[in-house]
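This report refers to the structure that appears directly beneath it.
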Amino acid sequence: LIKTDSQGNEEWNKTFGGSSQDIGYSVQQTTDGGYIITGYTESYGNGNYFDVWIIKTESKGTEEWNKTIFGGIGYSVGLSIQQTTDGGFIITGFTSDGPNSSVLLIKTDSQGNEEWNKTFGGSSQDIGYSVQQTTDGGYIITGKNDSYPNGTDVWLIKTDSQGNEEWNKTFGGDSHGRGHSVLQ
């Protein structure tokens, strides 16, 4: 985790992890001035491979807590995190127990304790790259969907506040489509 000033000059940096592979994919500043990071950990996992990992720091990057929040027999990775209006966090990424993966959506409380999780797709290599809370309290996810016969499509999934799918749309089909960022 690296913090710079407005000119890109480094103010401080911090590292987190253990003796195995640990990677951060997404960071956001939290309302208390600290930071929340998601990615995966192999060092502290609950499962056999990579598990979703979140780290909360204070404003100078000192760790306040970290949680391994989703582990299974395969691997699970957090690729995007956002603080929610209730002070908790929403995470998307993917989970897999073989050659196929599903889009993963996880909601935690303010201390990183899992409240619920949902998966979408899963008959091929489906991944959620970006998630945002919507003004109605639900969530919007974008990523890629390989589960349809058109090749890889940009995938857009809208859920309610409990992560239940309201609708989904695919775009593209040129075998290279994927959405990496979404905004309402």
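Distances between placed amide hydrogens fall under 5 Å for G122 paired with V103, all partners being 5 or more residues away or on another chain.
Straight-line cross-link reach from K3 at under 28 Å between alpha-carbon atoms covers these lysines, not counting any fewer than eight positions away in the same chain: K14, K56, K60, K67, K107. In order along segment 79-96, the Karplus-derived 3J(HN,Hα) couplings, from 6.51 cos²θ - 1.76 cosθ + 1.60 at θ = phi - 60°, round to 10, 8, 9, 9, 6, 9, 5, 8, x, x, 9, 10, 10, 10, x, 7, 9, 8 Hz, and Gly and Pro are given as x. Backbone phi angles across segment 124-131, fed through the Karplus curve with coefficients 6.51, -1.76 and 1.60 (θ = phi - 60°), yield HN-Hα couplings of 8, 9, 9, 9, x, 9, 8, 9 Hz in residue order; Gly and Pro are listed as x. With kT/(6 pi eta Rh) evaluated at 25 °C and eta = 0.890 mPa s, and Rh the Kirkwood radius from Cα pairs, the chain diffuses with a coefficient of 147 µm²/s according to Stokes-Einstein.
Compute the FRET efficiency between T85 and S19 as 1/(1 + (r/R0)^6), taking r as their Cβ-Cβ distance and R0 = 45 Å, and round to the nearest 0.05. Result of the calculation: an efficiency of 0.75.
Once backbone amide H atoms are built at 1.01 Å from N, Q132 has I140 as its partners under 5 Å, excluding neighbours fewer than 5 places away on the same chain. Among the protein heavy atoms, those of E10 account for about 110 Å² of accessible surface (1.4 Å probe, every chain in place).
How large is Rg/Rh for segment 109-166, to two decimals, with Cα atoms and a Kirkwood Rh? Dividing the radius of gyration by the Kirkwood radius yields 1.02.
Applying 1/(1 + (r/R0)^6) with r as the Cβ-Cβ distance of E115 and S43 and R0 = 25 angstrom yields a FRET efficiency of 0.50.
Rounded to the nearest whole Hz, the Karplus-based 3J(HN,Hα) values (6.51 cos²θ - 1.76 cosθ + 1.60, θ = phi - 60°) of segment 30-43 follow the sequence 9, 5, 8, x, x, 9, 10, 10, 10, x, 8, 10, 9, 5, with x at glycine and proline.
Ignoring ligands, DNA and RNA, please state the percent of accessible area on the chain from carbon and sulfur, probe 1.4 Å. Provide the component values of the computation, followed by the final result.
On the way: 3860 of 8910 Å².
C and S atoms contribute 43 percent here.
When the residues V27, V77 are ordered by accessible surface, computed with a 1.4 Å probe over the protein chains alone, the sequence from largest down reads V27, V77. Restricting the calculation to Cα atoms, every distinct pair contributes to the Kirkwood radius of segment 70-122, found to be 11.3 Å.
Please state, to two decimals, what the Cα-based radius of gyration of segment 1-55 comes to when divided by 2.2 N^0.38 Å (N = residues). Display every interim value, and only then the final one.
Working: Rg = 13.1 Å, N = 55, 2.2 N^0.38 = 10.1 Å.
Cα Rg divided by the expected 2.2 N^0.38 Å: 1.30.
What FRET efficiency do you get for N164 and T31 if R0 is 25 Å and r is their Cβ-Cβ distance, rounded to the nearest 0.05?
Working: r = 26 Å, r/R0 = 1.05.
So the FRET efficiency works out to roughly 0.40.
The values are calculated or read from the model by the stated rules, or taken from the named source; none is laboratory data. Since this is a predicted model, take the numbers as computed values, not measurements. We place every Cβ from the backbone using ideal geometry, glycine too, and count neighbours over all the protein chains shown. Remember, those area values only see protein heavy atoms, side chains included, never the ligands or the DNA or RNA. Shrake-Rupley method; radii C 1.70, N 1.55, O 1.52, S 1.80 Å.
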